[in-house]
1. Taking all protein chains as present, what is the carbon and sulfur share of the accessible area of the chain, in % to the nearest whole number, probe 1.4 Å?
2. Counting heavy atoms of the protein chains only and a 1.4 Å probe, report the per residue accessible area for the chain as a whole number of Å².
3. Work out the length of the dipole vector of the chain about its Cα centre, built from +1 on the beta-carbon of each Lys and Arg and -1 on the beta-carbon of each Asp and Glu, and round it to the nearest 20 debye.
4. Residue by residue through region 85-90, what is 3J(HN,Hα) from phi via Karplus (6.51 cos²θ - 1.76 cosθ + 1.60, θ = phi - 60°)? Round to whole Hz and write x for glycine and proline.
5. Tell me, how many Å apart are the Cα centres for region 24-60 and for region 150-182?
6. Run the count for region 152-218, please: Lys pairs, Cα-Cα under 18 angstrom, 8 or more apart or on different chains.
7. Between GLN62 and CYS108, what is the FRET efficiency for a Förster distance of 22 Å, r being their Cβ-Cβ separation, to the nearest 0.05?
8. Over the chain, calculate the relative contact order: mean separation of alpha carbon pairs under 8 Å at least 6 apart, over the residue count, as a percent.
Amino acid sequence: MSKLYIVPTPIGNLEDMTFRAIKVLKEVDLILAEDTRTSSKLLKHFEIGTQMHSHHMHNEHQTVEHTVQKLKNGQTIALISDAGTPAISDPGFLLTRACVENDIPVECLPGATAFVPALVNSGLPNDKFVFEGFLPDKKGRQTRFLALAEETRTMILYVSPHKLIKTLAEFETYFGKERLVSVSRELSKLHEETVRGSVEEVLKHFETKPPKGEIVVIVAGKQKEKKNKNE
């Protein structure tokens with residue numbers, strides 16, 4: 001029976017690959033990969049010989065229709081990204097939506113996602129949070145920051161290393177230098193690091209120690225003003 005499998009892959013440590021993910025990737029008819037060169041190393045490591053085609057942000061609009069047709073013809077297909085869970089700041093949403101619209105079964109396996117460990121080990125409230133992913137580079141960036149300045153839930157952002165210092169400086173402008181943040185980089189890898197503190201403290205840290213690797217930033221939400229007991 002045809003089905004689309006959404007399969008998470010390790011974000012850095014190959015030992016985070018699940019037995020179930022390996023089994024699915026070996027049994028499906030086709031694997032769609034964000035970068036076949038990157039994924040070929042993963043498949044080779046786990047001795048997975050399934051045929052692989054590319055499915056990335058630059059071609060996903062064109063490949064969705066063909067993929068849906070293959071599924072309708074009875075094939076089983078797995079979608080993977082370079083690292084983590086597909087569709088989380090990676091290609092995957094368009095294909096998943098198309099399958100749902102065409103009554104094709106979709107099954108997402110549990111597995112690695114960078115923001116979950118970053119959120120949990122931040123020490124910031126995680127009962128309610130909002131995932132922002134990558135902020136706009138230019139157009140709409142200020143508008144987004146103005147909206148986030150009023151956000152009371154913990155915020156999760158993905159930030160490239162060469163934009164981290166700029167982003168932390170913007171935090172000072174829009175959130176204030178005392179707002180608590182947690183910056184996790186290279187999660188699950190040998191040089192994993194989490195730096196916690198006020199925006200001012202964390203900014204000073206990375207100004208003297210330029211960041212490298214994949215980065216997840218957790219930002220405390222705006223604290224609600226306490227009401228006066230006499231009101």
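The values are calculated or read from the model by the stated rules, or taken from the named source; none is laboratory data. These numbers were taken from a predicted model, which means no experiment stands behind them. With ideal geometry, Cβ positions are generated from the backbone for all residues, glycine too; neighbour counts draw on all protein chains shown. Ligands, DNA and RNA are excluded from the accessible area calculation, which covers all protein heavy atoms including side chains. Shrake-Rupley method; radii C 1.70, N 1.55, O 1.52, S 1.80 Å.
1. About 51 percent, which is the carbon plus sulfur part of the accessible surface.
2. 58
3. The calculated dipole for the chain is roughly 420 debye.
4. After applying 6.51 cos²θ - 1.76 cosθ + 1.60, I find 8, x, 5, 8, 6, 9 Hz.
5. 35
6. For region 152-218, qualifying lysine pairs total 11.
7. Rounded to the nearest 0.05, the efficiency is 0.40.
8. Across the chain, relative contact order equals 21 percent.
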